[in-house]
Amino acid sequence: MINRWLFKQIDNSALIFFRIIFGFLIALEAIGAIFTGWIDRTFIEPTFTFNFIGFDFLQPLPGNLMLYYYALMGVFGLLVMLGFKYRFSMFCYTIMWASVYLMQKSSYNNHYYLLLLLCFIMIFLPAHRALSYDAWKNKKIHRIAMPQWVWLVIVLQISIVYTYGSIAKMYPDWLDGTVPELLMKAKKNYALIGDFLQQSWIKYVVAYYGLLFDLLIVPMLLWKRTRFSFFCLAIFFHIFNSIVFQVGIFPYLSLAFCAFFFPTEQINKKLLFRKKEYYSEDQIVVPPYRNLLITILSVWFTIQLLLPLRHWLIQDNVLWTEEGHRLSWRMMLRSKSGYSIFKVVEKGTKDTIYINKKLYLSRKQLRAINSKPDLIWQFSQHLKEDFAAKGKDVEVYVNTKISVNGRPKVQLINPDVDLANTEWNFFWHNDWILPSKLNE
């Protein structure tokens, strides 16, 4: 039974189509970051970056070299699209994307994490076996079929993303429209649609359409009777997200996934690849590495299923502490605002300096630091290093209050704890984060 599920041969048109679109989109992601000024704001303007803790060795290249870095990424994306030295090109893009992903958190987005996972997965998929330079150059690798496990990997990975995204929305501030209303208020200055988005009923449409769409889209695309209607709903959903939330390539990447849910004969003969031979033999080909592959897939999806649940093992509410928020498909779930005051005290003296954050942080970083404990801790460490370079051994204390989803501002960090000389707890709760009052 498992051999039939994993190793039955199916037509590979959906994968070939996805590779072409995927390569084009990741090239667009890289090149777009150059021309929109994203690289300037994220890597060139800041004097330092908030990298993922533990990856301090990953630092932006000096001067304007990050622009060339992204240009090279764009080239690799185009090579993936063309299927030119496919695995090498996909591997290079993955390494480069992983580096910039781990290098900064000021522009953190769950979609960036999804792109990292997809890049890694695509390295190992036979997406270059047709309609590619590699298959044209080397006829021996040309194939019109692929094992069904390739299809399952893509569908299961996307199912996890959507399902956890829906489950995360099942909390009071989303269900009563509070968070969607705050999200829409941030768009009130949009031309043409800004006033429309402020309509009182819009927040409920956004809340429940988003929740139900994430929950139902994969099963409804799998069911023949609802496939086309939900594909139309997906087009509306993702175009809306693209226009309103401006989340780059990801709405279009999500639409490209829909190719895996339609009969490949339609993709092959009617839509895209009319000259490509269609596979319909239904053979089962069990490779010699069967057991290793099953083990790898089992480990991968076990991690993917458990990682988004880790915040339940950490003390307090993830909306407050942010511990366990990343890598968990908790997308656009909260609105935070507040302020932070950093006080530096030289040890052995009463000399006190209140830090002007604008001297250290870019505008993007200033918006991010007030509500995120890990960024607050990292900035405290940076201040310690900065003063150490001047021959001073200092303590750093932080007074910060934040509002979560429009609630009154409340103290986030214990102002009596010296964060410059406090270790970061990677896996459990950091007790200098004060208890939340979200449920009161």
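The values are calculated or read from the model by the stated rules, or taken from the named source; none is laboratory data. Remember, predicted model here, so these are calculated numbers, not experimental data. Heads up, the Cβs are rebuilt from the backbone with ideal geometry, glycines too, and the neighbour counts pull from every protein chain shown.
The single condition from (1) in the same structural domain as TYR162 (by TED's automatic domain parsing); (2) part of a loop (DSSP other than H, G, I, E, B) that GLY348 fails is (1).
Filtering region 83-109 to residues that are without any contact (Cβ under 8 Å) to a residue 40 or more places away in the chain, more than 21 Å from LEU61 (Cβ to Cβ) and surrounded by fewer than 18 Cβ atoms within 10 Å (Cβ to Cβ) leaves only PHE88. Take VAL396 and decide whether it is farther than 24 Å from HIS325 by Cα, modelled with pLDDT under 95 and buried (at least 20 other Cβ atoms within 10 Å of the Cβ). Answer is yes for this residue. Consider GLY37 carefully, then state whether it is of a type in the set (Gly, Ala, Ser) and surrounded by 20 or more Cβ atoms within 10 Å (Cβ to Cβ). When the stated conditions are applied, GLY37 does not pass them.
The one condition from (1) in contact (Cβ under 8 Å) with a residue 24 or more places away in the chain; (2) assigned to a loop (DSSP other than H, G, I, E, B) that ALA420 does not meet is (2).
Give me the residue from region 66-77 that is over 19 Å from the mean Cα position of the chain (by Cα) and crowded, with 18+ Cβ neighbours inside 10 Å and, out of that set, farthest from ASN138 (Cα to Cα). Residue satisfying both the conditions and the ranking: MET66.
When LYS384 is tested against (1) outside any loop (DSSP other than H, G, I, E, B); (2) basic (Lys, Arg); (3) modelled with pLDDT under 90, just one condition goes unmet, and that condition is (3). State whether the residues of region 54-62 include one that is outside the structural domain of LYS364 (by TED's automatic domain parsing), surrounded by 15 or more Cβ atoms within 10 Å (Cβ to Cβ), touching a Leu at 6+ places or on another chain (Cβ under 7 Å) and closer than 14 Å to TYR112 by Cβ. There is no residue in region 54-62 that is outside the structural domain of LYS364 (by TED's automatic domain parsing), surrounded by 15 or more Cβ atoms within 10 Å (Cβ to Cβ), touching a Leu at 6+ places or on another chain (Cβ under 7 Å) and closer than 14 Å to TYR112 by Cβ.
Here's the yes/no breakdown for (1) aromatic (Phe, Trp, Tyr); (2) surrounded by 21 or more Cβ atoms within 10 Å (Cβ to Cβ); (3) in contact with a Cys (Cβ under 8 Å, 6 or more places away or on another chain); (4) closer than 23 Å to VAL394 by Cα:
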{"site": "ASN317", "(1), (2), (3), (4)": "no, no, no, no"}
{"site": "ARG330", "(1), (2), (3), (4)": "no, yes, no, no"}
{"site": "SER335", "(1), (2), (3), (4)": "no, no, no, no"}
{"site": "GLY348", "(1), (2), (3), (4)": "no, no, no, yes"}
{"site": "LEU359", "(1), (2), (3), (4)": "no, no, no, yes"}
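Quick check: anything in region 303-314 in a loop (DSSP other than H, G, I, E, B), within 18 Å of SER371 (Cβ to Cβ) and touching an Asp or Glu at 6+ places or on another chain (Cβ under 8 Å)?
As a first pass, look at region 303-314 and keep what is in a loop (DSSP other than H, G, I, E, B): 314.
Retained after the next criterion (residues that are within 18 Å of SER371 (Cβ to Cβ)): 314.
Among the residues that remain, those that are also touching an Asp or Glu at 6+ places or on another chain (Cβ under 8 Å) are: 314.
Yes, some residue in region 303-314 is in a loop (DSSP other than H, G, I, E, B), within 18 Å of SER371 (Cβ to Cβ) and touching an Asp or Glu at 6+ places or on another chain (Cβ under 8 Å).
Determine, yes or no, whether VAL80 is under 20 Å from the mean Cα position of the chain (by Cα) and crowded, with 18+ Cβ neighbours inside 10 Å. It is false that VAL80 is under 20 Å from the mean Cα position of the chain (by Cα) and crowded, with 18+ Cβ neighbours inside 10 Å.
Residues PHE76, PHE24, PHE50, PHE17: which one is assigned to a loop (DSSP other than H, G, I, E, B) and of a type in the set (A, V, I, L, M, F, W, C)?
Working: PHE76 fails: assigned to a loop (DSSP other than H, G, I, E, B); PHE24 fails: assigned to a loop (DSSP other than H, G, I, E, B); PHE17 fails: assigned to a loop (DSSP other than H, G, I, E, B).
On inspection, the qualifying residue turns out to be PHE50.
Taking the conditions (1) modelled with pLDDT of 90 or more; (2) assigned to a loop (DSSP other than H, G, I, E, B); (3) surrounded by 11 or more Cβ atoms within 10 Å (Cβ to Cβ) in turn, LYS276 satisfies each one other than (1).
Residues in region 13-30 that are among the β-branched types (Val, Ile, Thr) and more than 15 Å from TYR112 (Cα to Cα): ILE16, ILE20, ILE21.
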